[in-house]
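Notes for the one structure printed next.
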Amino acid sequence: MSRYEFNRSFSTSLLTSTILEINNLIRQQKLVVIADENVYSLYQKTLFKSLSVPVLSLPAGERTKSQRTVTAIYRFLSAGKVTRDTVVYAIGGGTIMDVAAYAVSTFKRGCILKLIPTTLLGMVDAAIGGKTAINCLRLKNAIGTFYPAEEVLIWSGFLKTLTAAEINNGIAEMLKLWFIVPVLPAPPHTNKAGIDDNQILHYAKVKLDICCNDLTDTGNRKLLNLGHTFGHINESTSNYRIAHGNTVIIGIVIAARISNRMGCLKERELQKIEAVIRRYDFPVSVSDLPRDKYLKAFCKYCFQDKKNTATGLDLILFNGFRNVFIKRVTVDTELTKLLADCF
């Protein structure tokens, strides 16, 4: 078990466990459960066996990350007579983590939150670091809070029920972190067969180490946004038909190409970054995007990016292979031309 402190006010424990241990643990507490409806169906006779507590099941997917869902969660928590000392477990993938954690962080100004991620993306990214979010005005994660869970319980056995595409989502976020942190071993090129608790925990701990000194994303934690500024535009313009992990990979490629056009990244280093990405089975590439539609969306949405400031937009760019930095840029015609040259 590892415990991390966040700004003296929050702490998160990372725990590896088994499904029986998770079941026994959640039966011992005053709690309610918010669960992915698919997970609830799959594990009704194991994880949820003899669990006589209120359970709200929700569909997974970006469309669930809405104010309507948050209101439904508020009604559920209110009907369950949840108080600030009630433990609320969120069980599911990244979207369930995001919306449930947001609702819990704002209900009665915050209840006790514990997370059980059931996807690889949730285990190595969404459940780690305390960001909560819902989508609003067609903007990805436009509304949210910083509210770290007290515990994150990780069991790699959940991965057995996931598709290769869902595993790829998590591998994409692992690969993003690999580009940022040179000491990390590379994530597996194939799916679930090569991933175990230790590797998942290693990546989760590395992300927590970055987050614990910068809960509110004002310093080096911004580096974790590599690929996300450009990636979120892909998600919004595709109406979330392109999976999050794939949009992050597309965003990393665009960031690398812009870095090269700006003179920050040598051509051979750019080719090395793209060669690494080609080893993985990501289904969509930059060349598959509708260029004109993307450029128009960039000009529209970049001003709403959470990394935008009064003096410019903080882009996460490369100045070497597996070496990234924060560069504040002005969103103007020159930047748009550089972006257009990446297609």
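The values are calculated or read from the model by the stated rules, or taken from the named source; none is laboratory data. Please read these numbers as outputs of a predicted model, since none were measured by experiment. For neighbour counting, all protein chains shown are included, and Cβ atoms are generated from backbone atoms with ideal geometry for every residue, glycine included.
Condition check ((1) at pLDDT 85 or above; (2) over 24 Å from SER78 (Cα atoms); (3) surrounded by fewer than 20 Cβ atoms within 10 Å (Cβ to Cβ)) across all residues:
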site	(1), (2), (3)
MET1	no, yes, yes
GLU5	no, yes, yes
SER9	no, yes, yes
THR16	no, yes, yes
LEU20	no, yes, yes
GLN28	no, no, yes
ILE34	yes, no, no
VAL39	yes, no, no
LEU42	yes, yes, yes
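Condition check ((1) of a type outside the set (D, E, K, R); (2) farther than 19 Å from ASN141 by Cα) across all residues:
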site: THR247; (1), (2): yes, no
site: ILE250; (1), (2): yes, no
site: LEU265; (1), (2): yes, yes
site: VAL276; (1), (2): yes, yes
site: LYS296; (1), (2): no, yes
site: PHE318; (1), (2): yes, yes
site: ASN323; (1), (2): yes, yes
Output the qualifying pairs, or none if there are none: Cβ atoms under 8 angstrom, residues six or more apart or on different chains, first residue in segment 279-292 and surrounded by 11 or more Cβ atoms within 10 Å (Cβ to Cβ), second residue basic (Lys, Arg) and not in a loop (DSSP other than H, G, I, E, B).
VAL286/ARG257
Return the total of residues in segment 70-85 being within 19 Å of PHE146 (Cα to Cα) and crowded, with 17+ Cβ neighbours inside 10 Å.
2
It is to be established whether one or more residues within segment 323-341 are over 15 Å from ALA172 (Cα atoms) and in contact with a Pro (Cβ under 9 Å, 6 or more places away or on another chain).
yes
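ALA165 - would you say it is aliphatic (A, V, I, L, M), surrounded by fewer than 16 Cβ atoms within 10 Å (Cβ to Cβ) and part of a helix (DSSP H, G or I)?
Working: aliphatic (A, V, I, L, M): yes; surrounded by fewer than 16 Cβ atoms within 10 Å (Cβ to Cβ): yes; part of a helix (DSSP H, G or I): yes.
When the stated conditions are applied, ALA165 passes them.
For segment 306-322, state whether one or more residues are crowded, with 17+ Cβ neighbours inside 10 Å and either modelled with pLDDT under 80 or of a type in the set (Lys, Arg) (or both). Full working, then the answer.
Going residue by residue through segment 306-322, those that are crowded, with 17+ Cβ neighbours inside 10 Å are 306-307, 313-318, 321.
Right, trim to either modelled with pLDDT under 80 or of a type in the set (Lys, Arg) (or both) and you get 306-307.
Yes, that holds for at least one residue.
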Residue pairs within 6 Å by beta carbon, gap of at least six or interchain, first lying in segment 317-343 and assigned by TED's automatic domain parsing to the domain that holds ASP292 and outside any strand (DSSP E or B), second acidic (Asp, Glu) and at pLDDT 85 or above, listed first then second, are PHE321/GLU269
Any residue at all in segment 100-115 that is of a type in the set (Phe, Trp, Tyr), more than 17 Å from the chain's Cα centre (by Cα) and surrounded by fewer than 22 Cβ atoms within 10 Å (Cβ to Cβ)?
yes
Options THR16, THR86: the member that is of a type outside the set (Phe, Trp, Tyr) and more than 30 Å from PRO187 (Cα to Cα)
THR86
Just for segment 219-277: of the residues that are out of contact with any Gly (no Cβ under 9 Å at 6 or more places or on another chain) and among the small types (Gly, Ala, Ser), which one is surrounded by the most Cβ atoms within 10 Å (Cβ to Cβ)?
ALA256
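Give me the residue from segment 118-154 that is hydrophobic (A, V, I, L, M, F, W, C), assigned to a loop (DSSP other than H, G, I, E, B) and touching a strand residue (DSSP E or B) at 6+ places or on another chain (Cβ under 7 Å) and, out of that set, surrounded by the most Cβ atoms within 10 Å (Cβ to Cβ). Walk me through it before giving the result.
Residues of segment 118-154 hydrophobic (A, V, I, L, M, F, W, C): 120-121, 123-124, 126-128, 133-134, 136-137, 139, 142-143, 146, 149, 152-154.
Then keep just the ones that are assigned to a loop (DSSP other than H, G, I, E, B); that gives 127-128, 133, 137, 149.
Then drop every residue that is not touching a strand residue (DSSP E or B) at 6+ places or on another chain (Cβ under 7 Å), which leaves 127-128, 133, 149.
Working: ALA127: 34, ILE128: 29, ALA133: 21, ALA149: 29.
Ranking the candidates gives ALA127 first.
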What number of residues in segment 172-202 are outside any loop (DSSP other than H, G, I, E, B), among the β-branched types (Val, Ile, Thr) and modelled with pLDDT of 95 or more?
1
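Here is a yes/no grid of residues against (1) modelled with pLDDT of 95 or more; (2) in contact with a Ser or Thr (Cβ under 8 Å, 6 or more places away or on another chain); (3) among the acidic types (Asp, Glu):
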| position | (1), (2), (3) |
| --- | --- |
| THR69 | yes, no, no |
| ARG84 | no, no, no |
| ASP98 | yes, yes, yes |
| TYR102 | yes, yes, no |
| GLY110 | yes, no, no |
| MET123 | yes, yes, no |
